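A.B. asks: First the structure, which I've put down as structure tokens, then a few questions once you've had a look.
None of the figures in this text is laboratory data; all of them are computed from the coordinates on show. Only a predicted model underlies this, so the values are computations on that prediction, with no experimental measurement involved. We place every Cβ from the backbone using ideal geometry, glycine too, and count neighbours over all the protein chains shown.
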Amino acid sequence: MLQLRTAVFPVAGRGTRFLPATKASPKEMLPIVDKPLIQYAVEEALEAGAERLVFVTGSSKRAIEDHFDTDVELERQLLESGKHDLLALVRHIVPPEATCIFVRQGAPLGLGHAVLCAKRAVGDEAFFVHLADDLIYSKVGCLTQMRQHFEKYGTSVLGVEMVPHDQTGSYGIVAVQTEENGAQRVTRIVEKPRPADAPSNLAVVGRYVLTPAVFAKLERTQRGAGGEIQLTDGIASLMADEPVHVLPFNGIRYDCGSKIGYLRATVEYGLRHPELGESFRAYLQNVWER
């Protein structure tokens, strides 16, 4: 069984749908209540057993590296002010046993290219890919669910959910068949098909466990939809050599790459917040009754 201890976070995108908020700050640093999206992503990966965190970055993404670095001056100020709870929060963003690796994607050539940029950092092991703007709330983390599937079957696995048929053009769409062991094997994967061309409405939504064989496929993948090197095309090639499964995960997904999805996440995470939830609910009820 391949080791699975690395999580790759492609964070080089510019987040143009959130301009001007993302002009100087990465979209992955947009906060949901009191934590940025990228921190939720890292926490999910750590819960799933990741030990190496590989961030594939681009220009104007220094804020992500700073967020996961030690800020000696801030820690000194919090210590001197007696703000020990806040000090613990900033010190424990990443546990000391985890390693952060930052890799630059020199040109915006797509998700497949971003994953390929992480090849040297990943090595000959299986790895997670986590897209931070797909925020998933679940009692058992989505990547943990996927790790359990990988450990049972030993195959690459894609996190999926059903989407409205008229939205297939926004996702990688898969067709699957159920095997005798109950696993759902991918038989076809298409990047952003028109509804009339979609093989189903089962969409890949920002969570992957991939075997290292995908790197060789991505190295030979030509530019596809949108003129980019698509991860779905690399996975389609991988399927010729080894099985690829899907996992309809348990959880609620918030598309924080869209403004309405981001607002939904902010409201619902606010309502679940242990300190703010009750007062926030009362506020929303008051607004509703005006």
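A.B. asks: Given a 10 angstrom Cα cut-off, can you work out which residue in R264, R272, R91 is the most mobile in a GNM of the chain?
C.D. replies: Result for the chain, Cα springs under 10 Å: R272 fluctuates most.
A.B. asks: Going toward the positive end of the dipole of region 232-290, with +1 on Lys and Arg Cβ and -1 on Asp and Glu Cβ, which of S279, G261, L247 do you reach last?
C.D. replies: Going by the charge dipole, the pick is S279.
A.B. asks: What does the charge dipole of the chain about its Cα centre add up to, to the nearest 20 debye, if the Cβ of each Lys and Arg holds +1 and the Cβ of each Asp and Glu holds -1? Kindly include the intermediate steps, with their values, before the conclusion.
C.D. replies: Working: 32 positive and 36 negative charges, 145 e Å.
Magnitude of the dipole: close to 700 debye.
A.B. asks: Follow-up. Count the net charge of all other residues whose Cβ sits under 12 Å from the Cβ of L53, scoring Lys and Arg as +1 and Asp and Glu as -1. Walk me through the numbers on the way to the answer.
C.D. replies: Values: positive: R5, R52; negative: E43, E44, E51, E65, E97.
It works out to a net charge of -3.
A.B. asks: Sticking with this structure for a sec: Which of the lysines could a cross-linker bridge to K217, judged by Cα under 17 Å and excluding same-chain residues fewer than eight apart?
C.D. replies: Candidates past the 8-residue exclusion: K119.
A.B. asks: For region 130-286, what is the largest minus smallest coordinate of the Cα atoms on each principal axis, given in angstrom and ordered from greatest to least?
C.D. replies: 56, 35, 27
A.B. asks: Let me ask something else about it. Search the structure for amide H atoms under 5 Å from the amide H of G172, placed 1.01 Å from N in the peptide plane, and list their residues when 5 or more places away or on another chain.
C.D. replies: Those lying under 5 Å, H to H, from G172 are K192, V204.
A.B. asks: OK, next. Give me D69, D133 ranked fewest to most by other Cβ atoms within 10 Å of their Cβ, as a rough exposure proxy.
C.D. replies: D69, D133
A.B. asks: Evaluate region 177-226: find the radius of gyration of its Cα atoms, find its Kirkwood radius, and give the ratio Rg to Rh.
C.D. replies: Working: Rg = 13.4 Å, Rh = 13.5 Å.
Ratio of gyration radius to Kirkwood radius: 0.99.
A.B. asks: Give the order of S258, S81 when sorted by the count of other beta carbons within 10 angstrom, beginning with the fewest. Don't skip to the end; give the middle numbers.
C.D. replies: Values: S258 14, S81 10.
Ordered from fewest to most neighbouring Cβ atoms within 10 Å, S258, S81 come out as S81, S258.
A.B. asks: May I ask you to derive the relative contact order of the chain, considering only C-alpha pairs under 8 Å and at least 6 residues apart, and to give it as an integer percent?
C.D. replies: Numbers: 523 pairs, mean separation 62.8, N = 290.
Relative contact order here is 22 percent.
A.B. asks: If you don't mind, another one. Set the Förster radius R0 to 41 Å, insert the Cβ-Cβ distance between A282 and L74 as r into 1/(1 + (r/R0)^6), and round the FRET efficiency to 0.05.
C.D. replies: On the way: r = 33 Å, r/R0 = 0.80.
Step by step, r from the Cβ atoms, then E = 0.80.
A.B. asks: Between region 90-107 and region 171-216, what is the separation of their alpha carbon centroids in Å?
C.D. replies: That distance is 29 Å.
A.B. asks: Under 23 Å Cα-Cα from K259, which lysines qualify once same-chain neighbours fewer than 8 residues away are excluded?
C.D. replies: K23, K27, K35, K61, K192
A.B. asks: Please list, ordered by chain and number, the residues whose modelled amide H lies under 5 Å from the amide H of D133; skip anything fewer than 5 residues away on the same chain.
C.D. replies: none
A.B. asks: Could you give the Stokes-Einstein D for region 4-257 in µm² per second, using the C-alpha Kirkwood radius, 25 °C, 0.890 mPa s? Kindly include the intermediate steps, with their values, before the conclusion.
C.D. replies: Values: Rh = 18.9 Å.
Reported coefficient: 130 µm²/s.
A.B. asks: Once the dipole of region 4-257 is set up with Lys and Arg at +1 and Asp and Glu at -1 on Cβ about the Cα centre, which of H113, V42, Q148 lies farthest towards its positive end?
C.D. replies: Among H113, V42, Q148, the one farthest towards the positive end of the dipole of region 4-257 is H113.
A.B. asks: What percent of all Cα-Cα pairs in region 26-159 falls in each 5 Å bin, counting up from 0?
C.D. replies: Pair shares across the bins are 2, 8, 17, 21, 21, 14, 9, 5, 2, 1, 0.
A.B. asks: Taking K152 as the anchor, which lysines have their alpha carbon closer than 22 Å to its alpha carbon, excluding any fewer than eight residues away along the same chain?
C.D. replies: Straight-line reach from K152, under 22 Å: K139.
A.B. asks: Something else about it: If you place +1 on the Cβ of every Lys and Arg, -1 on the Cβ of every Asp and Glu, and leave all else neutral, what size is the dipole of region 99-177 about its Cα centre, to the nearest 20 Debye? Kindly include the intermediate steps, with their values, before the conclusion.
C.D. replies: Numbers: 6 positive and 7 negative charges, 53 e Å.
In total the dipole reaches around 260 debye.
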